1. Applying the selection to region 42-101, what residues are farther than 20 Å from Arg4 by Cα and among the hydroxyl-bearing types (Ser, Thr, Tyr)?
2. Being in a strand (DSSP E or B), under 14 Å from the mean Cα position of the chain (by Cα) and on the phi < 0 side of the Ramachandran plot, is that true of even one residue in region 45-60?
3. Test of understanding: among Ala35, Ala52, Ala40, Ala47, which residue is open to solvent by less than 60 Å² (accessible area, probe 1.4 Å) and either under 26 Å from Asp8 (Cβ atoms) or at pLDDT below 95 (or both)?
4. Assess whether Arg4 counts as being modelled with pLDDT under 95 and either over 15 Å from His98 (Cα atoms) or part of a loop (DSSP other than H, G, I, E, B) (or both).
5. Give me a count of the residues in region 61-95 that are open to solvent by less than 70 Å² (accessible area, probe 1.4 Å), part of a helix (DSSP H, G or I) and not aromatic (Phe, Trp, Tyr).
Amino acid sequence: MPDRGRLDEDAIAERLEELPGWSREGEEIRREFEAPSFAAGIELVVAVAAAAEEADHHPDIDVRWRTVRFALSTHSEGGLTGLDFAMARRIDGLAAEHGAR
C-alpha cells in the first residue's frame, strides 16, 4: 500500500518526473485528458470512481464535454502523499484503456 505520509519537495519532484502529463498546482497534482467522445469521458469517470472507491482515495473530477480533469491531494495530510501518485498512475492506465489522451 502506498505511503500515506506527506511527501517532501524532493520526493514530489521525483515522482512527478515519472508521470508525464501531470503537473503540480499548490498542494495538488493535476492532469487533463481528452476523451474520444462525451460518453467515453463519462465511462472514464465511472472507471476512476470505482478505482477510487477501491483505494479509498478520491480525486476531484471536472468534466467539460470530452475534456476530463483530475486533481489529487491527500486532504487529511494537508498535501501530497504516495496515495496521490499511486492514484495518478491508475488514472493514466484507465485513461489509456478508454482511449483518452
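The values are calculated or read from the model by the stated rules, or taken from the named source; none is laboratory data. Bear in mind that the values here come from a model prediction, so they are computed numbers and not experimental data. Please note: Cβ atoms are built from the backbone with ideal geometry, for glycine as well, and neighbour counts cover all protein chains shown. The area values use the complete protein model at the heavy-atom level, side chains included, leaving out ligands, DNA and RNA. Shrake-Rupley method; radii C 1.70, N 1.55, O 1.52, S 1.80 Å.
1. Scanning region 42-101 gives a single hit, Thr67.
2. Within region 45-60 (the criterion being in a strand (DSSP E or B), under 14 Å from the mean Cα position of the chain (by Cα) and on the phi < 0 side of the Ramachandran plot), the answer is yes, since at least one residue qualifies.
3. Sole residue among the options that is open to solvent by less than 60 Å² (accessible area, probe 1.4 Å) and either under 26 Å from Asp8 (Cβ atoms) or at pLDDT below 95 (or both): Ala52.
4. So Arg4 passes the test.
5. Of the residues in region 61-95, 11 are open to solvent by less than 70 Å² (accessible area, probe 1.4 Å), part of a helix (DSSP H, G or I) and not aromatic (Phe, Trp, Tyr).
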